[in-house]
Amino acid sequence: MNVKKVFSQAFALGLVLTLTACGGSGNKDNNGSNAGDNNASNEQAKDEEFKKQTNDDTLVVGVDSLGGEFIQGFNNSQNDVRAREFMGIQGSVGYDTYVKDKGGKYVVNKTVLDGDPQEKENEDGSKTFTFKIKKDLKWSDGKPVTADDYLFKALLHSPQDYSLITGSTEIGGDSLKGYNDFREGKTKEFEGVKKIDDQTFEITIDSSFLPYYEEESLKAMNPRPMHYIAPNLTIDGSKFALKDGYKLSDDDKKAFIESLDKQIETEKSEYDAEVKEAGEEDPEYKKEHEEKLKTLEDKKKSAESGNDIDPTEMLVEQAMLFDANDYRKAPKVTCGPYKFVSFENNMVKMELNDQYAGDFEGHKATIPNVIIQAINPEISVDLVKNGDIDVFEDEMNGSRISQIRKAAEEKKLQYVAYDRNGYGCLSFLDDRGPTQYKEVRQAVAFLMNRDDFVQNFAGGYAVVTNGMYGSSQWMYKERGADVEAKLTKYTLNVDEANKRLDNSPYKFEKDGKTPWDVKKAAEEYKNNADKFDYYRYDENGKKLQINQFGAKESEITTLLSNQLPDNAKQAGLEYNVQAGDFNTLLNYRENPKEGDKAEYTAFNMGLGFGSPFDPYYQYNSKGNDNKTKTNDPKVDKITEELRQVKPGDEKAYLDKWEEFQEWYNDYLPEIPLYSNNIHSSASTRVQGFDGLTPEWAVSCQINQMSLK
């Protein structure tokens, strides 16, 4: 069992994944509208609301759903990330020290930094970078941006208490020296960060992280408004400290005790819910629950008695809770082009931040208001044509792309097309159930016709992929043809599927002894396909059965359910597809029950890649974004070597990238389905829209956009 809250995290470093319900035009997340909710009354109400929104001073961006998660570490849907980028909480137009340009290359943010950072190589192999930020930078509330704000996240998010208290899995700085000791609470000082003065700070990259191929990305420090989230704390060198003059008040103690009560109540209710759902108690999970409960209750007793209260620790914990509960849902202080107004009714409202200093090239937004609105994607083209919304990004559906192109020819809208920096896939849990066996995963790949997905869903605006790459990635452009020649091209082939399964534990009939017979299966399927019941079993009499969960909004869920259950019978595999909302999918995928108790071990997803490309986080056994639960010494070695190629050694990096792709193609932690040519459209009144790239969305281009 696992009660950790649902998350899909994006990291400051590594392969940034934004999740989509594979087959949708963007992202499916909780609180999103369903494609089927398009009855007349709903559409009339929406039409009236759109007319109120699309006035001369407001840009309306349509999306297929919104989750309302405005900081990293929780549900990392693509559309929530877009909202964060508008506000500078994440992305290329905020006050990060280094940001990605339109091509995905990390560059120094000259709007933020007063000169390039100083670099020093240390005797132990680590590197120290010293940053000096400009004095005139301000948050949206007019308060100054200081060095504290840049070190705040590393100090707040790195301790393991942050994830225990909040359910987040964002990491504060795993590349920094002293990270593990600080995370485990062995020291209150984080050696890898140091405040020099209000405008100057240092970070030290640990020697174990060096060399790092895209070293510039390690210098990307992102600020968080410490004065708003933790007003009574400051940073003293490498640790948190109390502000001068702060005294622990009775109200502070009361708030602290109330927060502990809430944590205790939440821990108990979540445990009870897990036990009720599972129908039994798991000894290991029970022990973990009791230990956490005791820690919380001991802390509460100590606070109530007034003894041993560490005011700094108390304020840090309060900041963790405020960050994850309040700021996460309503980030009222930001440093991007726009500031948060509200999120309700599947709509994020933002207004121009008049304190914004500009992006790394000095561009500043001028459109007074931006709205991100969840809509029915099936009518997105009509909404853009009619001016009901101004923008709809990342369309992947082939028929709607054809509509976009036709409307553009008629001068009713404009569009930008580019290869996707990501792909659609069928993702597995690789450590439990039948999908823990490579041969089973390979068999599934041989039981689907992926070319059908390209044609039936994407209308030809996509290509079938055989590895973990997107057609826009520079590595693929350099070595795509070479690597494709080395990869297995999985096509519909029942014979190949049976060969793989014959080498898996599932090679018996129900008695666990009699060899499963492919001829019997063929005869049974021919005569009784609808009531087929000749499945494979292992020696313990466990049936070969895979349950897949897909987002109900996704056309790929439908395509898979039309193919796999029927094809799989011929290989003795019972394959079931269940559809539901995307948030439920994330819960099943990221908080699975142990062993055979996991309800679902296959999920159709869409994954968007960021840069640098560092699959260590996703597939190394120590990677903290390892959602597939992959544990393979071979890829542990490959991912460690890939990230530690010396900067500038492109050939060595590409060689190692090819090696990773060959591993991925054989191990199949996911089955890649396709990589799209995607189309983003805008109404004719939008100017500056043509600057979009796979790495540069409207939320980045906004500083160069205007409305006629």
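The values are calculated or read from the model by the stated rules, or taken from the named source; none is laboratory data. Just so we're clear, the structure is a prediction, and the values are computed from it rather than from any experiment. Don't worry about glycine lacking a Cβ; one is built from the backbone with ideal geometry, like all the others, and counts go over all protein chains shown. For the accessible areas, the whole protein counts, side chains as well, though only heavy atoms, and no ligand, DNA or RNA atoms are used. Shrake-Rupley method; radii C 1.70, N 1.55, O 1.52, S 1.80 Å.
Could you check the stretch 417-431 and list, in sequence order, the residues that are at pLDDT 95 or above and either farther than 19 Å from residue 377 by Cβ or buried (at least 18 other Cβ atoms within 10 Å of the Cβ) (or both)?
We begin by selecting, within the stretch 417-431, every residue at pLDDT 95 or above; these are 417, 426-431.
426, 427, 428, 429, 430, 431, listed by residue number.
Given the criterion modelled with pLDDT of 95 or more, under 27 Å from residue 559 (Cβ atoms) and among the acidic types (Asp, Glu), identify the matching residue among 650, 670, 640, 659.
Values: 650 fails: under 27 Å from residue 559 (Cβ atoms); 640 fails: under 27 Å from residue 559 (Cβ atoms); 659 fails: under 27 Å from residue 559 (Cβ atoms).
That would be 670, the only listed residue that is modelled with pLDDT of 95 or more, under 27 Å from residue 559 (Cβ atoms) and among the acidic types (Asp, Glu).
Considering only residues that are in contact with a strand residue (DSSP E or B) (Cβ under 7 Å, 6 or more places away or on another chain) and under 14 Å from residue 613 (Cβ atoms), which ones fall in the stretch 472-518?
Correct list: 472 only.
I need a count of the residues in the stretch 86-109 that are in a loop (DSSP other than H, G, I, E, B), over 18 Å from the mean Cα position of the chain (by Cα) and over 15 Å from residue 357 (Cβ atoms).
4
Please specify each residue of the stretch 613-628 satisfying the condition of being surrounded by fewer than 22 Cβ atoms within 10 Å (Cβ to Cβ) and out of contact with any Phe, Trp or Tyr (no Cβ under 9 Å at 6 or more places or on another chain).
Selection gives 621 alone.
With 381, 348 as the choices, which residue is under 22 Å from residue 690 (Cα atoms), within 28 Å of the chain's Cα centre (by Cα), β-branched (Val, Ile, Thr) and open to solvent by less than 60 Å² (accessible area, probe 1.4 Å)?
Step by step, each of 381, 348 is checked, and only 381 is under 22 Å from residue 690 (Cα atoms), within 28 Å of the chain's Cα centre (by Cα), β-branched (Val, Ile, Thr) and open to solvent by less than 60 Å² (accessible area, probe 1.4 Å).
What residue, of 629, 622, 708, is charged (D, E, K, R) and at pLDDT 95 or above?
Working: 622 fails: at pLDDT 95 or above; 708 fails: at pLDDT 95 or above.
Only one candidate passes the filter, namely 629.
Could you look through the stretch 152-174, keep only residues that are crowded, with 22+ Cβ neighbours inside 10 Å and over 24 Å from residue 256 (Cα atoms), and pick out the one that is modelled with the highest pLDDT?
Here the answer is 173.
How many of the residues making up the stretch 592-610 are open to solvent by 10 Å² or more (accessible area, probe 1.4 Å), in contact with a helix residue (DSSP H, G or I) (Cβ under 9 Å, 6 or more places away or on another chain) and at pLDDT below 95?
Number of matching residues: 6.
With the stretch 464-565 as the region, which helices (runs of 4 or more DSSP H) entirely inside it contain at least 1 residues that are among the β-branched types (Val, Ile, Thr) and closer than 23 Å to residue 426 by Cα? Step through it out loud before you land on a result.
Values: elements: 474-484, 494-502, 518-528.
In the stretch 464-565, the matching helices (runs of 4 or more DSSP H) lie at 474-484, 494-502.
How many of the residues making up the stretch 117-150 are within 22 Å of residue 206 (Cβ to Cβ) and either small (Gly, Ala, Ser) or free of Cβ contacts under 8 Å to residues at least 12 places away in the same chain (or both)?
Residues that pass the stated criteria total 7.
Conditions (1) within 18 Å of residue 451 (Cα to Cα); (2) out of contact with any Gly (no Cβ under 7 Å at 6 or more places or on another chain); (3) modelled with pLDDT of 95 or more; (4) surrounded by 15 or more Cβ atoms within 10 Å (Cβ to Cβ), marked per residue:
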position	(1), (2), (3), (4)
480	no, yes, no, yes
489	yes, yes, yes, no
516	no, no, yes, yes
541	no, no, yes, no
560	yes, no, no, yes
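From 445, 462, grab the single residue that is in the same structural domain as residue 589 (by the TED database), open to solvent by 10 Å² or more (accessible area, probe 1.4 Å) and small (Gly, Ala, Ser). I'd like the intermediate steps shown before the answer.
Values: 445 fails: open to solvent by 10 Å² or more (accessible area, probe 1.4 Å).
Checking each option against the conditions leaves just 462.
Suppose we filter the stretch 160-178 for residues that are more than 21 Å from the chain's Cα centre (by Cα) and within 29 Å of residue 264 (Cβ to Cβ); how many remain? Working first, answer last.
Step one: filter the stretch 160-178 for residues more than 21 Å from the chain's Cα centre (by Cα), giving 161, 176-178.
Now restrict to residues that are within 29 Å of residue 264 (Cβ to Cβ): 161.
Final tally of qualifying residues: 1.
Among the listed residues 184, 214, identify the single one that is buried (at least 16 other Cβ atoms within 10 Å of the Cβ) and either in contact with a Cys (Cβ under 8 Å, 6 or more places away or on another chain) or outside the structural domain of residue 353 (by the TED database) (or both). Before the answer, list the steps.
On the way: 184 fails: buried (at least 16 other Cβ atoms within 10 Å of the Cβ).
214 is the lone residue from the list that is buried (at least 16 other Cβ atoms within 10 Å of the Cβ) and either in contact with a Cys (Cβ under 8 Å, 6 or more places away or on another chain) or outside the structural domain of residue 353 (by the TED database) (or both).
Being more than 30 Å from residue 653 (Cα to Cα), crowded, with 20+ Cβ neighbours inside 10 Å and at pLDDT 95 or above: is that true of residue 230 here? Reasoning before the result, please.
Values: more than 30 Å from residue 653 (Cα to Cα): yes; crowded, with 20+ Cβ neighbours inside 10 Å: yes; at pLDDT 95 or above: yes.
For residue 230, the condition - more than 30 Å from residue 653 (Cα to Cα), crowded, with 20+ Cβ neighbours inside 10 Å and at pLDDT 95 or above - is met.
So which helices (runs of 4 or more DSSP H) stay within the stretch 237-326 end to end and still have 2 or more residues that are open to solvent by 60 Å² or more (accessible area, probe 1.4 Å) and modelled with pLDDT of 80 or more? Working first, answer last.
On the way: elements: 250-278, 283-305, 311-321.
It comes to 250-278, 283-305.
Per-residue answers, yes or no, for (1) basic (Lys, Arg); (2) at pLDDT below 90; (3) in the same structural domain as residue 558 (by the TED database):
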{"position": "453", "(1), (2), (3)": "no, yes, yes"}
{"position": "472", "(1), (2), (3)": "no, yes, yes"}
{"position": "477", "(1), (2), (3)": "yes, no, yes"}
{"position": "484", "(1), (2), (3)": "no, no, yes"}
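Which ones in the stretch 86-107 are over 18 Å from residue 213 (Cβ atoms) and either open to solvent by 30 Å² or more (accessible area, probe 1.4 Å) or touching a Pro at 6+ places or on another chain (Cβ under 9 Å) (or both)?
Of the residues in the stretch 86-107, the ones over 18 Å from residue 213 (Cβ atoms) are 86-97, 99, 102.
Passing the criteria: 86, 87, 88, 89, 93, 94, 95, 96, 97, 102.
What is the number of the single condition among (1) in contact with a helix residue (DSSP H, G or I) (Cβ under 8 Å, 6 or more places away or on another chain); (2) assigned to a strand (DSSP E or B) that residue 379 does not meet?
(2)
Restricting the search to the stretch 568-591, which residues are buried (at least 23 other Cβ atoms within 10 Å of the Cβ) and part of a loop (DSSP other than H, G, I, E, B)?
571, 572, 573
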